[in-house]
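Notes follow once the structure below has been shown.
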Amino acid sequence: MQMTASGGSTSHSGGGGSTATGGTTSHNGGTGGSAMGNGGSTANGGATANGGSTATGGTPANGGSPANGGMGGASGGADQGGTGGQAMGGAIGVQADPGTTGDGMATQDAPYNAPAESTGLLNGAMAGEVTGPLIYPSPAIYPGAKFTYYTYVPAQYQAGKPAALMVFLDAELYIDRSDTHFHGPTVFDNLIAEGSMPPTIALFVGTGTPDGSFDFNSQRLIREAQYSKFNDTFSRFLLEEIIPDLITSKYDVVTDPDGWAIGGQSSGGNCALIVGVHASDSFHKILTDNGAFDNADPMAPDVHPGTSFPGAIADGPVLPLRVSLLSGPNDIPETHQYNQDVVAALEAKGYHYRYIEGSGGHYPPDHAVSDFPDELRWLWRNYTLPWYP
């Protein structure tokens, strides 16, 4: 699926990083024990080791999850998605067959207006609770780095009833502390209320810097070192440090990887797919907006020129991932080309993916903002939590 890239902007996504000062609110409820044990890795509470996902690395069946979304658990999950059985102190959601509607490539033409789901609460939707900005110092994996973060807890969440989990990179973009307009929490409020998403806790994580603030122009290489390094370092930071410390120690979260998603814009999208490749036993749902797969890995110069993708997809085993992508000819030319190359690799390997072409630029990501509710609907389709009506 090769296309000729034309035009293109000249700068990667930036936007001023938020400074971590004050502005916090307190959570209501949520004292449930850690659903993931020690961070949700396979060795310490991962859904694969004791949640019973089938056939690791097998070809995705109808939506990226093995056996029609089945996460048959060792402790109560059934073959066709489980019945909410308890596993490792958490619970397993139900991933029914999402079908193929919306799979493949489609074109979305301008104008890219703000979607209604981002502009306010619709049809009786209730606002979740946003906390932040706060600072999280990495204990060991990124020594000396402090990460500004925000959390979102949906209004429907109840302690003792596990929610799904989604992580967003470049926190300031999706939480709207920059010149983007994703309005992530408001979109979550509306999609959860309409039933297009399960009740989902979100963690918005910024780039780790010495003081937690981030300036794109002067600290871009720090961001690239964290987001473009093709190994398991960032996934270990998520699974061993920040998620257990901030989320699963305070809230009940499902343990099955069909209920865990990660997303990002530009290099954040690149990192989201890197996490998916290295931690597919924890994250099955991957969202990339204008994913900068063209970025070189600055910490591994021996990687084949330019990028680890699409080679990591083309040369690796088929993983149980469901991947949403977005780019277009007015994106950075190299970024657009590499998105097409990654899409071609996903297609060749039989992945369930959604790729939206459009005429929006790389940044501000107006096209991605316009498409954001629909890509979340596609990503979460037919994943439910039986204990939430």
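Descriptive notes on the structure:
- Rounded percent of accessible protein surface that carbon and sulfur make up, region 211-295, 1.4 Å probe: 44 percent
- Here is the P(r) of region 97-213: all C-alpha pair distances, binned every 5 Å from 0, give 2, 10, 16, 18, 18, 15, 11, 6, 3, 0 in whole percents.
- Taking N as its residue count, the alpha carbon Rg of region 284-389 over 2.2 N^0.38 Å: 1.16
- Fraction of accessible area attributable to carbon and sulfur, region 126-199 (%, probe 1.4 Å): 54 percent
- For region 168-278, the gyration tensor built on C-alpha atoms gives an oblate shape. Its axis ratio a/c (a ≥ b ≥ c) is at least 1.5, and a/b is not larger than b/c.
- On a per residue basis, region 91-226 carries 37 Å² of accessible surface, using protein heavy atoms and a 1.4 Å probe.
- Region 316-373 - convex hull of the alpha-carbon atoms, volume per residue in Å³: 80 Å³
- Across region 215-368, the volume of the C-alpha convex hull divided among the residues equals 120 Å³ per residue.
- The stretch between Ala116 and Ala348, if pulled fully straight at 0.36 nm per residue, gains 80.0 nm over its current Cα-Cα span.
- Relative packing of 375-385, 181-191, which averages over residues the other C-beta atoms within 10 Å, highest first: 181-191, 375-385
- Pairs over the 29 Å Cα-Cα cut-off, from the set Lys250/Lys349; Lys146/Lys349; Lys161/Lys285: Lys250/Lys349; Lys146/Lys349.
The values are calculated or read from the model by the stated rules, or taken from the named source; none is laboratory data. A quick note: this is a predicted structure, and the numbers were derived from the prediction, not measured. Backbone-built Cβ (ideal geometry, glycine too); neighbour counts: all protein chains shown. Please note that ligands, DNA and RNA were not included when accessible areas were found on the heavy atoms of the full protein model with its side chains. Shrake-Rupley method; radii C 1.70, N 1.55, O 1.52, S 1.80 Å.
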